[in-house]
Amino acid sequence: MTAPQRMSVKFYFDELSVDVEEFIPVFHRWIRENVVPNELLLDVADYKHIIDGPAILLVGHEADYVIDLTDGKPGFLYVRKRDLGVDLPEALATTLAQALNSIRLAETDVELQGKLKLRTDAAKIVLLDRLNYPNQTPNGSGSNDAGQTAQSQLAENLGVLFGENVTVTRVENDAREPLTFELNAPAAPDVDTLLGRL
C-alpha cells in the first residue's frame with residue numbers, strides 16, 4: 001500500500017504530573033538546540049485554552065509535536081507531514097521512530113526528567129489521507145476497503161515490533177474522519193527497546 005500523505009501516532013501518558021505549560025520552554029529549547037535529528041523545528045503555539053484538544057504544539061517542517069488532551073486521554077501526539085516513505089510499512093516505521101525518539105527526549109529532558117512517563121502498550125494511529133485511505137467499508141460491489149487492508153498491514157508490522165498479543169482495532173468513526181486505529185500491546189517493551197527494533 002502506498003504511503004499516506006500524512007500520518008500521526010499518539011502515545012498516552014502513564015502519568016502527567018506537570019502542567020502542560022511547562023512544555024513551552026522545553027519545546028523552545030528543542031528548537032534552539034536542534035535536538036530532533038532529521039527534522040527542522042520552527043515554532044511553538046499555546047492552545048491550552050481549548051478544552052479537550054491540543055494543548056501545546058511544536059510546529060516543524062517535517063512534523064508537528066503535540067501535547068494532546070483530546071478525549072480526556074492526555075498524550076504525546078506526533079504528526080508526520082512529509083517524507084514518510086514509499087509505502088505504508090515505511091511510513092509507519094518513519095513515524096514511529098521519530099515519535100519514540102521524541103518521547104525519549106521528553107522523558108529524559110533536564111526540565112521534565114522524572115515528571116512524566118509515557119506508555120508503550122497503547123497508541124492511536126491515524127492515516128491522514130482520505131484520497132488513498134478513504135474511511136469507508138465495501139458496498140458489496142467488489143470495492144476494496146482500504147481500512148481493512150491498512151489494518152492488516154499495521155497489525156503485521158506492529159506485531160513484529162511490539163511483541164506478542166498485539167491487536168490493532170479500527171475505530172468506528174464518521175466516514176468524513178480519517179482512518180483511525182487503536183494499538184493494544186500488553187507485552188510492549190520500553191522505548192529504547194522499540195527504537196532498537198526499528
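What follows is calculated from the coordinates using simple rules that are stated; it is not laboratory data. What you see is a predicted model; the values in this text were computed from it and never measured. Cβ placement follows ideal geometry from the backbone for every residue including glycine, while neighbour counts extend to all protein chains displayed.
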key: Computed helical MRE - 222 nm, the chain, DSSP H runs ≥ 4 contributing -39500 (n - 2.57), nearest 500   = -9000 deg cm²/dmol
query = If you place +1 on the Cβ of every Lys and Arg, -1 on the Cβ of every Asp and Glu, and leave all else neutral, what size is the dipole of segment 85-190 about its Cα centre, to the nearest 20 Debye?
reply = 160
request  = Neighbouring Cβ atoms within 10 Å as the yardstick, rank Ile51, Ile103, Ile31 fewest first.
outcome  = Ile51, Ile31, Ile103
query = Based on the Cβ-Cβ distance from Asn34 to Asn184, what FRET efficiency comes out when R0 is 35 Å, to the nearest 0.05?
reply = 0.50
request  = About the Cα centre of the chain, how large is the charge dipole given +1 on each Lys and Arg Cβ and -1 on each Asp and Glu Cβ? Please answer in debye to the nearest 20.
outcome  = 300
task = Read phi for every residue in segment 58-63 and hand back ³J(HN,Hα) as whole Hz from Karplus 6.51 cos²θ - 1.76 cosθ + 1.60, θ = phi - 60°, with x for Gly and Pro.
result = 9, 8, x, 6, 8, 7
Computed FRET value (nearest 0.05) for Glu90 with Asp19, which takes r as the C-beta separation and R₀ as 45 Å = 0.75
message = Using +1 at the C-beta of Lys and Arg and -1 at the C-beta of Asp and Glu, which of Asn184, Leu118, Leu16 has the Cα lying farthest in the positive direction of the dipole of segment 7-197?
response = Asn184
ask   = Relative contact order, percent, of segment 1-122 when contacts are C-alpha pairs under 8 Å separated by at least 6 residues?
value = 34
ask   = Between Ile50 and Lys117, 0.36 nm times their residue separation minus their Cα-Cα distance comes to what?
value = 21.8 nm
remark   = In nm, the gap between the two label points placed 7 Å beyond Cα toward Cβ at Thr193 and Leu105 is 2.5
ask   = How much length is gained if the chain between Leu131 and Lys73 is pulled fully straight, taking 0.36 nm per residue apart and subtracting their Cα-Cα distance, in nm to one decimal?
value = 18.0 nm
request  = Apply 1/(1 + (r/R0)^6) to the Cβ-Cβ distance of Thr2 and Glu156, taking R0 = 22 Å, and write down the FRET efficiency to the nearest 0.05.
outcome  = 0.85
ask   = Taking the simple approach of a point 7 Å from Cα along Cα-to-Cβ for both Asp145 and Asn173, what is their distance in nm?
value = 1.8
query = In segment 30-68, what chymotrypsin sites (Phe, Trp or Tyr not before Pro) fall in a loop by DSSP, with at most 15 other Cβ atoms inside 10 Å?
reply = Tyr47
ask   = For the chain, how many pairs of lysine residues have a Cα-Cα distance under 17 Å, where the two are 8 or more positions apart or belong to different chains?
value = 8
